[in-house]
């Protein structure tokens, strides 16, 4: 069974990685799907995010990294996914995630949504929080894999923001 884990992953955090590692134990293949949104300006290019995720998941079998634009449900069908994985950090995430799951269910009743709660130790993490701390020169080694920490430091020093 194929599961699709969609998101922007800008950047991938240990919370994301926790969800991926747990999903791999449940499914034959987990496709980490990077949404490319022309209305947003991510810190890292799609190629950089692909490389970052591939390196962070190199220790896992059955993980693929791909990109898509448009409706998640259409890409899930294209990839043959039967399940969408959604990570929950806190109760505050649940309302929006439930609304998205119910909407997706009306669009593709054959595709289930599975919520995986992030481990408590990572429940405070968000990509926005990590970027904000890194931009100000704060420590993020406990929030992201080391290669992403380096990439954040380099990106913000090039921009002159550290």
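The values are calculated or read from the model by the stated rules, or taken from the named source; none is laboratory data. Being a predicted model, the structure only gives us computed values, none of them experimental. As a convention, Cβ positions derive from the backbone with ideal geometry for all residues, glycine included, and neighbour counts pool all protein chains shown.
Where residues in the range 1-19 are touching a strand residue (DSSP E or B) at 6+ places or on another chain (Cβ under 6 Å) and outside any loop (DSSP other than H, G, I, E, B), which of them is surrounded by the fewest Cβ atoms within 10 Å (Cβ to Cβ)? This residue is 2. Under the condition of being free of Cβ contacts under 8 Å to residues at least 12 places away in the same chain, outside any loop (DSSP other than H, G, I, E, B) and closer than 14 Å to residue 68 by Cα, the residues counted in the range 28-52 number 1. Considered as a group, the residues in the range 148-162 that are in contact with a helix residue (DSSP H, G or I) (Cβ under 9 Å, 6 or more places away or on another chain) and modelled with pLDDT of 90 or more include one that is surrounded by the most Cβ atoms within 10 Å (Cβ to Cβ), and that residue is 148. In the range 108-147, of all residues being in a strand (DSSP E or B) and without any contact (Cβ under 8 Å) to a residue 60 or more places away in the chain, the one that is surrounded by the most Cβ atoms within 10 Å (Cβ to Cβ) corresponds to 113. Checking each residue in the range 87-107 for being within 17 Å of the chain's Cα centre (by Cα), under 21 Å from residue 1 (Cα atoms) and free of Cβ contacts under 8 Å to residues at least 60 places away in the same chain picks out only 101. Just one residue in the set 71, 60 is under 16 Å from residue 8 (Cβ atoms) and either more than 14 Å from the chain's Cα centre (by Cα) or modelled with pLDDT under 95 (or both); that residue is 71.
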